[in-house]
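See below for the structure under consideration.
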Amino acid sequence: MTDTPAFLKDAKDILSEQGFATSNLWYHGTSSALVNSIKEQGLKRSGDKAQKAAAKKTMATIGNSYTESIEPVFLTQSKELAFYWAEQTVRNRSVRVEGDEQPAVFAVTLPEELNAKVKPDVGAASLLLIPEGEKFIAYLAGIYQANGLKVPEIDLMKADRLEYLAKLGMAYFNADIDTSCLELISA
């Protein structure tokens, strides 16, 4: 299990047999290299320009064209889960972008009308079928077990949409998020 800093361990407060509680407070995990840009511009869909440029360059090198897709802003109800995804962002960036990067987590507080637009990330089912997804499920199981809860059994292909949100803590917002909704979490 990832060594999550104590100040980000929140599952004891928001996790139950029903899963992760939701409110208008969400979290987004990212790399420290992106913090200043996020503080200035907010969270942008498909916002990691360095990653996109590196992927485009790699594809051009091998003679393939690269079509950029627009991804939503991924959110979770838990600081612990956001830290996991921040670590994955740092790991993924380290393959293509040089630098000393650390995981960073933003709190995202959405007004009611925007909060209603947060959706369960059922598209995550495909992610969960590959090794990276298996690591996430193992991490998630560790959180449930550390809090004395039974690990949820979920059929990824037949699960109700809300199970992705409640039991897996996977959500998205399909628009940019303004800086006024964001706060970097620190110890």
Which FRET efficiency value, to the nearest 0.05, is calculated for I137 and E112 with the Förster distance at 45 angstrom and r the Cβ-Cβ distance?
-> 0.90
With volume of the Cα convex hull per residue in Å³ defined as stated, name the option among [x] 105; [y] 116; [z] 126 computed from the structure displayed.
-> [z]
Provide the net charge surrounding Y172, with neighbours chosen by a C-beta distance below 14 Å and charges set as Lys +1, Arg +1, Asp -1, Glu -1.
-> +2
Of the listed pairs K9/K150; K9/K135; K119/K150, those with alpha carbons more than 21 Å apart are K119/K150
Rounded to a whole number, what % of the accessible area of the chain do carbon and sulfur atoms account for, probe 1.4 Å?
-> 50
Relative contact order, percent, of the chain when contacts are C-alpha pairs under 8 Å separated by at least 6 residues?
-> 37
Taking the mean number of other Cβ atoms within 10 Å as a proxy for protection, how do you rank 24-33, 159-168 from highest to lowest?
-> 24-33, 159-168
Tell me, what is the per residue accessible area of the stretch 94-179 in Å², probe radius 1.4 Å?
-> 56
Assigned charges on the beta-carbon of Lys, Arg, Asp, Glu; the stretch 66-131 dipole about Cα centre (debye) = 140
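The values are calculated or read from the model by the stated rules, or taken from the named source; none is laboratory data. The structure displayed is predicted, hence computed values, not measured ones. With ideal geometry, Cβ positions are generated from the backbone for all residues, glycine too; neighbour counts draw on all protein chains shown. SASA here: full protein model, heavy atoms, side chains in, ligands and nucleic acids out. Shrake-Rupley method; radii C 1.70, N 1.55, O 1.52, S 1.80 Å.
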